[in-house]
1. For the range 88-115, how many residues are over 13 Å from residue 138 (Cβ atoms) and either of a type in the set (Asp, Glu) or within 9 Å of the ligand (Cβ to nearest atom) (or both)?
2. From the list 157, 169, which residue is farther than 13 Å from residue 133 by Cα and surrounded by fewer than 21 Cβ atoms within 10 Å (Cβ to Cβ)?
3. Pick from 3, 38, 62: which is more than 16 Å from the ligand (Cβ to nearest atom), open to solvent by less than 60 Å² (accessible area, probe 1.4 Å) and part of a loop (DSSP other than H, G, I, E, B)?
4. Between a first residue in the range 151-180 that is free of Cβ contacts under 8 Å to residues at least 60 places away in the same chain and a second residue that is of a type in the set (Lys, Arg) and open to solvent by less than 20 Å² (accessible area, probe 1.4 Å), which pairs have beta carbons less than 7 Å apart while being 6 or more apart in sequence or on different chains?
5. Within the range 88-118, which residues are closer than 27 Å to residue 181 by Cα and open to solvent by 40 Å² or more (accessible area, probe 1.4 Å)?
6. Identify, please: which residue in the range 11-35 is part of a loop (DSSP other than H, G, I, E, B) and among the β-branched types (Val, Ile, Thr) and is, among those, nearest to residue 190 (Cα to Cα)?
7. What single numbered condition from (1) under 15 Å from the mean Cα position of the chain (by Cα); (2) within 23 Å of residue 150 (Cα to Cα) fails to hold for residue 37?
Amino acid sequence: MKLVLCTRNPGKVAELAALLHPTFHVIGPDEVGVVEELPETGDTLEANAEQKARWVHDRCGLPCIADDSGLEVDALGGAPGVHSAHYAGEARDPGANMRKLLRALEGHGDRTARFRTVIAFVEDGRAQLFHGVVKGRILSAPRGTAGFGYDPLFAPEGEERSFAEMTTEKKNRISHRARAMAALLEHVRTR
Ligand code: IMP
């Protein structure tokens, strides 16, 4: 089954493509002639995931999936959440985002947090949403070089290592994205 992966984030492409193989033949938006930036103007992960998948589906008619994810930090009332990519400004700069997060957490004892993913699957004009969560904690300094985004600062529950100190295979066994994808694959398998 051909499936359009509606993202240009190389970190997401690597993780999602690994999770989807070999059930799907995965292609990107550019390969179906969608070359513009995908809109992401919603106030929630759910709205953004559906918006991105619908945008591409409306233009190519193929089954489409889009992921919207965020880091929710308890001591910050769930921030940066849906604003994770732009937390420190428009530039989507992971280093600046992590520095801002560490500053915001100075003096807070509670470092608990979770990553949350919503995957929208749009087929024949209908959207379905799949959710995944991984709980963990924010480290006191970045560790590791793998992954993307906030990975160097996030250690999942029961693990000493940050996501950025794990292989993609290990992260893909426990991550928020992997869990949302497992729910989508189960749906596709059983329908
Ligand atoms: P979006 O889903 O493209 O809106 O981006 C969400 C932002 O959340 C990303 O740019 C990252 O900063 C962060 N993020 C989402 N998933 C992950 C992850 O698996 N690891 C680290 N950071 C992530």
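1. 4
2. Working: 157 fails: farther than 13 Å from residue 133 by Cα.
Sole residue among the options that is farther than 13 Å from residue 133 by Cα and surrounded by fewer than 21 Cβ atoms within 10 Å (Cβ to Cβ): 169.
3. Testing whether each residue is more than 16 Å from the ligand (Cβ to nearest atom), open to solvent by less than 60 Å² (accessible area, probe 1.4 Å) and part of a loop (DSSP other than H, G, I, E, B) leaves just 62.
4. 163/171
5. The answer is 92, 93, 94, 111, 112, 114, 116.
6. Filtering the range 11-35 down to residues part of a loop (DSSP other than H, G, I, E, B) leaves 21-24, 28, 33-35.
From what is left, the residues that are among the β-branched types (Val, Ile, Thr) are 23, 34-35.
Working: 23: 13, 34: 30, 35: 33 Å.
Among those residues, the one meeting the criterion is 23.
7. (1)
The values are calculated or read from the model by the stated rules, or taken from the named source; none is laboratory data. Quick caveat, the model's predicted, so the values are computed rather than measured. FYI the Cβ positions are ideal-geometry reconstructions off the backbone, even for glycines, and counts take in every protein chain you see. Surface areas here come from the heavy atoms of the whole protein model, side chains and all, with no ligands, DNA or RNA. Shrake-Rupley method; radii C 1.70, N 1.55, O 1.52, S 1.80 Å.
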